[in-house]
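Presented below is the structure to which this report refers.
The values are calculated or read from the model by the stated rules, or taken from the named source; none is laboratory data. Here the structure is a predicted model, which is why all the values come from computation and not from measurement. Please note: Cβ atoms are built from the backbone with ideal geometry, for glycine as well, and neighbour counts cover all protein chains shown. When the accessible area is computed, the model is the full protein with side chains, heavy atoms only, and any ligands, DNA or RNA have been set aside. Shrake-Rupley method; radii C 1.70, N 1.55, O 1.52, S 1.80 Å.
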Amino acid sequence: KICRGPEGGEKVIRKMTLSEDKKWDCGAIANVNFPRQKPLSGTHVPTFDELLAIAPEGYFGFNVEIKSYPHRPELAPPPDEYAAMVVKAIRKHKLEDRVMIQSFDWRLLHSTAKIAQDLPRSALFPTSGHDVNMDYLEIAKQAGVKMISVRHDTVTPEKVKRAHAAGIKVLAWTANSPEIWDRLIAAQADEIITDDPAALAA
């Protein structure tokens with residue numbers, strides 16, 4: 001989504017009040033990268049709590065990506081505090097069996113593990129500072145997880161086979177064409193992250 005905010009207003013979410021955040025419209029501007037997407041003006045950013053509150057509307061999972069940039073610490077709470085906030089919201093809505101937590105900032109995965117070993121965690125890769133050819137088992141080891149979310153073009157049948165032999169699930173992102181989906185299915189990736197789930201399901 002591309003969001004439009006008030007002219008001259010605060011742009012760092014962590015520094016906004018909730019009322020300031022709600023002034024941003026994430027449906028007003030079409031994203032040229034998604035020509036089938038229809039703008040819907042008045043689409044405001046929900047809080048995490050508001051998002052989790054839709055759970056009773058159906059049985060679906062929540063892929064919770066915790067955004068954090070180690071080189072920009074002013075944009076997010078410290079990892080332990082941040083993870084605690086996320087876990088508290090999930091437990092409040094009793095959604096432990098419907099969430100997966102993932103992050104490019106593996107510190108958050110370690111922080112989550114300290115307080116919520118029961119919640120599935122996945123390491124997003126590649127991250128800045130890591131070799132794009134890094135071994136899948138090494139990613140899982142460094143992040144302390146049994147599931148990794150890797151860029152789709154790093155996936156090969158051999159890598160997936162080694163990961164599976166070590167008990168590690170492989171998720172691929174962000175795959176948006178039938179050709180890529182076919183390749184990932186052939187490689188036996190466990191899950192596919194896409195911007196077009198309806199087409200992938202079809």
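See the values below:
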| read-out | value |
| --- | --- |
| Rounded percent of accessible protein surface that carbon and sulfur make up, the range 97-202, 1.4 Å probe | 55 |
| Charge context of residue 166, other residues only, Cβ under 14 angstrom, K/R +1, D/E -1 | +2 |
| Value of relative contact order over the range 79-139, rounded to a whole percent, pairs C-alpha under 8 Å and six or more apart | 33 |
| Of 145, 180, 63, farthest towards positive along the dipole that unit charges on Lys, Arg, Asp, Glu beta carbons give the chain | 145 |
| Only Lys, Arg (+1) and Asp, Glu (-1) charged, at Cβ; the chain dipole about Cα centre in debye | 240 |
| Whole-number accessible area per residue in Å² for the range 5-44, which is evaluated in the context of all protein chains at 1.4 Å | 77 |
| Label of the coordinate-derived value, P(r) over Cα pairs in 10 Å bins from 0, in percent, listed as (1) 9, 40, 39, 11, 1; (2) 8, 36, 39, 16, 1; (3) 8, 28, 37, 24, 4, 0 | (3) |
| Charge sum, other residues only, whose C-beta stays under 12 Å from residue 75's C-beta, Lys/Arg counted +1 and Asp/Glu -1 | +3 |
| Debye, to nearest 20: dipole size of the range 37-114, +1 on Lys, Arg Cβ, -1 on Asp, Glu Cβ | 60 |
| Listed residue pairs exceeding 32 Å between alpha carbons, taken from 38/67; 38/169; 67/94; 23/169; 94/161; 23/146 | 38/169; 23/169; 94/161; 23/146 |
